[in-house]
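Notes to accompany the following structure.
The values are calculated or read from the model by the stated rules, or taken from the named source; none is laboratory data. Because the structure is predicted, anything quoted here is derived from the model rather than measured. Heads up, the Cβs are rebuilt from the backbone with ideal geometry, glycines too, and the neighbour counts pull from every protein chain shown.
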Amino acid sequence: MTADTDESGDGPRRRDASATREAILKSAIEAFTRLGYDGAGVREVAGGAGVTAMLVNRYFGSKEQLFAEAVDHSFAPPTVISDDPSELSERTATRLAARTSPEADDLDPFLLMLRSAANPRAAEIIRAGIEKHVGRRLADILPGPDAAPRAELLLALIAGVWLMRKVIATPALTTMSQPALTRQLHDLMQLLVNTPPASSGGDTAPDSTNSS
């Protein structure tokens, strides 16, 4: 069994490498979710995992790499978006309405993103995580052309509702009934999920010439 030696107040302790790495990553996710990229430090992560900062750097190399792995681990599991193409709008709208209700628990991946995005490098890592996981999954199941931009528009709708209803808690959205919000979200999502009509000659600007 691979083991590491870590100095503690009681002297050297032998640690299982896999368990230690998992504990560090769990502590990092909790710290970045609570404090964001700029607010969380390696020492705090180490303290949460019961190891030294030197051991954190030994496993992950740097705070940036640790954050990248925390994002990858957090964004990998599906949260709101349904993986059933035939019920994508319906199920996603239902889940979003439920997960953003005032009584619902916070969604950690969203808070990790929200509290870290102000840092330019963290934003790059978050963008890569979205593209690798939820963005790619959604683009793969959307029918028709232009799936990638439609997927990102749908993600923007989801993130916007999450921000306004759960974080900022605007009155109209927080007091809206879950069935009513689900119906509205379903109708909006359907505009992006349905295959767009074929273009009849490209985008053209409206003629603003004054004919009078």
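If you take the residues in the stretch 29-48 that are surrounded by 15 or more Cβ atoms within 10 Å (Cβ to Cβ) and acidic (Asp, Glu), which one is farthest from Ala76 (Cα to Cα)? Only one residue tops the list, namely Glu44.
Within the stretch 65-79, being in a helix (DSSP H, G or I) and loosely packed, with under 15 Cβ neighbours inside 10 Å holds for one residue alone: Gln65. Restricted to the stretch 90-136, and to residues there that are over 16 Å from Ala68 (Cβ atoms), among the polar types (S, T, N, Q) and not in a loop (DSSP other than H, G, I, E, B), the residue that is farthest from the chain's Cα centre (by Cα) is Thr94. Taken as a whole, the condition of being touching a Phe, Trp or Tyr at 6+ places or on another chain (Cβ under 9 Å), surrounded by 13 or more Cβ atoms within 10 Å (Cβ to Cβ) and within 19 Å of His133 (Cβ to Cβ) does not apply to Ala151.
Residues in the stretch 49-64 that are of a type outside the set (D, E, K, R) and assigned to a helix (DSSP H, G or I) were compared, and the one that is surrounded by the most Cβ atoms within 10 Å (Cβ to Cβ) is Val56. Is at least one residue of the stretch 181-195 modelled with pLDDT of 95 or more and closer than 30 Å to Glu64 by Cβ? Taking every residue of the stretch 181-195 in turn, none turns out to be modelled with pLDDT of 95 or more and closer than 30 Å to Glu64 by Cβ.
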